[in-house]
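These notes are about the structure you will find just below.
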Amino acid sequence: APTLKERLAELIPAEIENVKATRAAHGKKSFGPVLVDQLYGGMRGLPALIWDGSVLDAEEGIRFRGKSIPEIQAALPKAPGGSEPLPEGLFWLLLTGEVPTQEQVAALSKDWAARASIPSFVEEILDRCPPTLHPMSQFSLAVTALNHDSAFAKAYQQGVSKKEYWQPTFEDAMDLIAKLPNIAGRIYRNVYGGGKLPAIDAEKDYSYNLANLLGFADKPDFVELLRLYITIHSDHEGGNVSAHTGKLVGSALSDPFLAFGASLNGLAGPLHGLANQEVLIWLRKMQSKIGENASDDAVREYVWSTLKGGQVVPGYGHAVLRKTDPRYTAQREFALKHLPNDSLFKLVNQVYNIVPNVLLEAGKAKNPWPNVDAHSGVLLTYYGLDQMNFYTVLFGVSRAFGVAAQLVWDRALGAPLERPKSYSTEAIKKIFENK
Ligand code: CMX
């Protein structure tokens, strides 16, 4: 059976032809008008990017290479004795469109374990960060610094041909993913205590090793949670802030470490990945204000007070989705199986029964339903990972899978420098003066 890189090398030439043929047949066709509102409105709905790895449907949610989350959960290889998909398999699927065998997934776990160590100067950078520096800033610093050993940057300096770009990009993508557990684990232990980092176990899968570095490997259900968590947080089509930022920065031929470092800085924003931290903070504040086991009326009033204070309800709404996020549903099912009687889970459910109606009544949000971030914190908290400021780091580890896969394909297909057109308001007024 081929390795991931061998399989990619087989697939790339046909895909280059496929893109060529698609452009020859449809390249001059229009998607329809662009509205001025889209220029001012964050480009919502503007067709602008190509990415085959995953596509987001407003009603149905994400599909990875055509597969929904339940289909992914059924199809991808599991760890021995486990029932959640291994993110190794998801990465293989994102890159090739194919479901790997158990052996191919095991080989990927081994390969990542072999690449997992980080340079000592990166360890020192992390050790010198004050514990008050947000874990996402530390994460981004460390990932950016990995560019020191980038295979792509080196190959580029040596004059590698365009046709070969994808190969050192693939090596960097693999290194990037492989090194994230050591970075995340080091940040976690530096900031929250917990002693010396254990070594990576080359016989174990990626999520087990990440759990072990965080100090939670003695909880098999937490390891299973991480497998599910990484899988469902990996990719959300091409236009979200972290995915798009990685692609944009990569389009300048910045190497995958520089590109993904930029993705992380976008993920660290409260309207994007930081929302998972914000949800838990918001729930805890609510509990301290109205008490645990509060009535529906008290919760409803608290939601209104959030809106009236000019704040968003974190974990609700979405730029594309118009229904409950299937990533929320997958985590809810995990909770129903593993922590049905947890009091914070009960609060999350109570909030779910109340917030959409309030948002509908308030009348602004186009989507009143919960997104992925409304549910992740309660699961992590249940297993004792209750340091909310760390949550987005786990989102970041996961998002590397999607961004890395995208960077490999962008270099394989020769994606050009991104450079859309911007306009001044004066120019807009002039263009449409008499129209
Ligand atoms: N609470 C309060 N108001 C909300 C809201 C929410 N959860 N969601 C949207 N709105 C408001 C918007 O702020 C906007 O208000 P203004 O007109 O005053 O600017 C209005 O409703 C219309 O916004 P929209 O078109 O429905 O939503 P956008 O596409 O502009 O933004 C998002 C999407 C996710 C940023 C927004 O729903 C939000 O801020 N949600 C809370 C933060 C959050 O959970 N983010 C995580 C998203 C998932 C992820 O990336 O991880």
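The values are calculated or read from the model by the stated rules, or taken from the named source; none is laboratory data. On a predicted model such as this, the values are computed, not experimentally measured, just so you know. So basically every Cβ, Gly included, is an ideal-geometry build from the backbone, and we count neighbours across all protein chains shown. Heads up: the accessible areas ignore ligands, DNA and RNA and are worked out on the full protein's heavy atoms, side chains in. Shrake-Rupley method; radii C 1.70, N 1.55, O 1.52, S 1.80 Å.
Values for this structure:
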{"item": "Filter result (touching a residue at least 60 places away in the same chain (Cβ under 8 Å) and away from the ligand (no atom under 16 Å from the Cβ)) within the range 340-349", "result": "LEU344, LEU347"}
{"item": "Scope the range 40-77; condition within 17 Å of HIS318 (Cβ to Cβ) and of a type in the set (D, E, K, R); matching residues", "result": "ARG44, ASP57, GLU59, GLU60, ARG63"}
{"item": "Top-ranked residue of the range 359-393 - restricted to ones that are near the ligand (Cβ under 9 Å from one of its atoms) and under 25 Å from GLY291 (Cβ atoms), ranked as surrounded by the fewest Cβ atoms within 10 Å (Cβ to Cβ)", "result": "ALA362"}
{"item": "The range 56-98, residues that are within 21 Å of LYS337 (Cβ to Cβ), of a type in the set (Asp, Glu) and without any contact (Cβ under 8 Å) to a residue 12 or more places away in the chain", "result": "GLU71"}
{"item": "Qualifying residue in the range 245-252 (condition: more than 10 Å from the ligand (Cβ to nearest atom), touching a helix residue (DSSP H, G or I) at 6+ places or on another chain (Cβ under 7 Å), open to solvent by 20 Å² or more (accessible area, probe 1.4 Å) and within 20 Å of PHE64 (Cα to Cα))", "result": "yes"}
{"item": "Of all residues making up the range 212-238, the number that are within 12 Å of the chain's Cα centre (by Cα), of a type in the set (Gly, Ala, Ser) and surrounded by fewer than 23 Cβ atoms within 10 Å (Cβ to Cβ)", "result": "1"}
{"item": "Any helices (runs of 4 or more DSSP H) falling wholly within the range 255-339 and containing at least 3 residues that are open to solvent by 10 Å² or more (accessible area, probe 1.4 Å) and more than 16 Å from the ligand (Cβ to nearest atom)", "result": "275-290, 296-308, 326-338"}
{"item": "Residue in the range 201-223 that is part of a helix (DSSP H, G or I), among the β-branched types (Val, Ile, Thr) and either free of Cβ contacts under 8 Å to residues at least 12 places away in the same chain or touching a helix residue (DSSP H, G or I) at 6+ places or on another chain (Cβ under 7 Å) (or both) present", "result": "yes"}
{"item": "Every residue from the range 29-73 that is farther than 21 Å from ALA243 by Cβ, away from the ligand (no atom under 15 Å from the Cβ) and exposed (fewer than 12 other Cβ atoms within 10 Å of the Cβ)", "result": "LYS29, SER30, GLY32, PRO33"}
{"item": "Residue among ASP175, ASP127 that is closer than 25 Å to ASN265 by Cα, of a type in the set (Asp, Glu), under 23 Å from the mean Cα position of the chain (by Cα) and at pLDDT 95 or above", "result": "ASP175"}
{"item": "From GLU203, GLU237, GLU224, residue being modelled with pLDDT of 95 or more and under 16 Å from ALA319 (Cα atoms)", "result": "GLU237"}
{"item": "Flag for TYR352 being of a type in the set (Ser, Thr, Tyr), near the ligand (Cβ under 10 Å from one of its atoms) and either surrounded by 15 or more Cβ atoms within 10 Å (Cβ to Cβ) or over 24 Å from GLU71 (Cα atoms) (or both)", "result": "no"}
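Conditions tested, residue by residue: (1) of a type in the set (A, V, I, L, M, F, W, C); (2) over 17 Å from LEU225 (Cβ atoms).
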site	(1), (2)
LYS346	no, yes
TYR352	no, yes
LEU359	yes, yes
ASP373	no, no
LEU379	yes, no
